[in-house]
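Colleague: I am attaching a structure below and will ask some questions about it afterwards.
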Amino acid sequence: MKIAERLKDKKKIFSFEFYPPKTENDTIRLYSSIKELEELNPDFVSITNSSTGEVPYRAVALSKAIKEKTGFEIMVHLTCLSHTKKEIREIVSVLKETGIDNVLALRGDILNKKEFKAKSDYVYANELVEDLKSMGNFTIGVAAYPEKHPEAVTLEADILNLKKKIDAGADFAITQLFFDNKSYFDFMDKCARMGVNIPIIPGIMPITNYKQLSNFTQMMGVMIPEDLARNIEKYSNDKESLMKFSIDYATVQALQLLGNGAKGIHFYTLNRSKATKQIFKNIMAGTIVKQ
Ligand code: FAD
């Protein structure tokens, strides 16, 4: 079912995010994770896109392949930085042919500011949203940042920019990962006060790798609560305990979010299945029932 339809009903929405694999081993792991997660019947899966312009079509090709293989509802990420307007038109034709109805419209990550040369037809995500809206009946998602986008001067300024994406036609948002639910609840209060009224689905990332976490959080400007940092440090050389801790932490986080009004949970899976599967099962066994 198209995401816009699912957003209208009262049920919670659960989604999994995957990225296009680079190596043969990555590909094997991705498809094995998809197989593991298939039985959980997610409402949609989303496929990330590179913003480097390197191989921007991989996300579209992978979306098509996963849709054909699994029948999952797909949302493909498209970024301003990696596509010209002409290319977006070509991609939209492919999406229509393939029956992919959902797009996450993003500016894209600037990974290496010195060397990076963006295709500059679109500067900000609101411009891509507006263009996509004129091209068909897509459900359009956008990114939101409970702890502020690193480039934004203030959270309020960032929310005003989120509003530009909504005014351009965004149907819903997915948040950057965060580890302190207070950030999300405060953000939602602020959004409501500033007239932002689309569903904003929290993004959760199970921490299964100590090094990866510190890289991610540094790049994204995400806060790590002290007790979380202490525990991750404690288990940094004990994979199994870290996995257990991470699953418990994310389960508590997700149940609290869902119990306090969040429309659903978007899992940043990092193409792995074990933690996501267990957290999902824990949620279903808790007070939150999907159906
Ligand atoms: P924008 O909304 O354009 O915002 C970028 C910055 O500019 C913000 O500081 C904002 O406040 C400001 N701004 C926005 N609009 C305006 C305006 N009109 N005028 C002035 N200032 C403005 N990156 C990838 O490369 N590929 C992916 O697949 C990907 N998937 C993601 C999925 C999710 C759920 C999230 C939360 C992020 C994802 N990202 C991805 C990261 C994202 O591309 C980066 O965070 C990027 O730096 C900002 O993207 P955006 O769409 O939020 O940009």
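The values are calculated or read from the model by the stated rules, or taken from the named source; none is laboratory data. Since this is a predicted model, take the numbers as computed values, not measurements. Note: ideal-geometry Cβ built from the backbone for every residue, glycine included; neighbour counts use all protein chains shown. What goes into the accessible areas is simple: the full protein's heavy atoms, side chains included, and nothing from ligands, DNA or RNA. Shrake-Rupley method; radii C 1.70, N 1.55, O 1.52, S 1.80 Å.
Colleague: What are the ³J(HN,Hα) couplings of segment 129-137, residue after residue, when phi is run through the Karplus curve with 6.51, -1.76, 1.60 and θ = phi - 60°? Round to Hz, x for glycine and proline.
Modeller: Residue by residue, segment 129-137 yields 4, 4, 5, 4, 4, 7, 9, x, 9 Hz.
Colleague: Taking N as the number of residues in segment 191-280, what is its Cα Rg relative to 2.2 N^0.38 Å?
Modeller: Computed over Cα atoms of segment 191-280, the ratio equals 1.17.
Colleague: How many Å³ per residue does the convex hull of the Cα positions in the chain occupy?
Modeller: Spelled out: Cα convex hull of the chain, divided by residues, is 133 Å³.
Colleague: Can you work out ³J(HN,Hα) from phi for every residue in segment 152-158, in order, using Karplus 6.51 cos²θ - 1.76 cosθ + 1.60 and θ = phi - 60°, giving whole Hz and x for Gly and Pro?
Modeller: After applying 6.51 cos²θ - 1.76 cosθ + 1.60, I find 6, 6, 9, 5, 4, 5, 5 Hz.
Colleague: Got a sec? Which residues in segment 244-267 would a label at LYS274 touch, if it sits 7 Å along Cα→Cβ and we count backbone N under 14 Å?
Modeller: Hits in segment 244-267 for LYS274 at 14 Å: 244-248.
Colleague: Once you've got the GNM for the chain with C-alpha springs shorter than 10 Å, pick whichever of GLN176, GLN253, GLN218 has the biggest mean-square fluctuation.
Modeller: Top of the fluctuation ranking is GLN218.
Colleague: Looking only at GluC sites (Glu not before Pro) in DSSP loops with at most 13 other Cβ atoms within 10 Å, what is the longest site-free stretch of the chain?
Modeller: Between the exposed loop sites, the longest stretch runs 152-291.
Colleague: Then there is this: Where Lys and Arg each count +1 and Asp and Glu each count -1, what net charge lies around GLU151 among other residues with Cβ under 10 Å from its Cβ?
Modeller: +1
Colleague: Seen from all sides and averaged, what is the projected area of the convex hull of the Cα atoms in segment 27-155, in nm²?
Modeller: Here the figure is 9.1 nm², rounded to one decimal.
Colleague: Per residue, what accessible area does the chain have, given a 1.4 Å probe and all protein chains present, in Å²?
Modeller: 48
Colleague: So what is the relative contact order for segment 9-85, in percent, with contacts set as C-alpha pairs under 8 Å and at least six apart?
Modeller: Averaging sequence separation for qualifying contacts and normalising by length gives 33 percent for segment 9-85.
Colleague: Just flag the trypsin sites (Lys or Arg not before Pro) in segment 202-291 sitting in loop per DSSP whose Cβ has no more than 16 other Cβ atoms within 10 Å.
Modeller: LYS290
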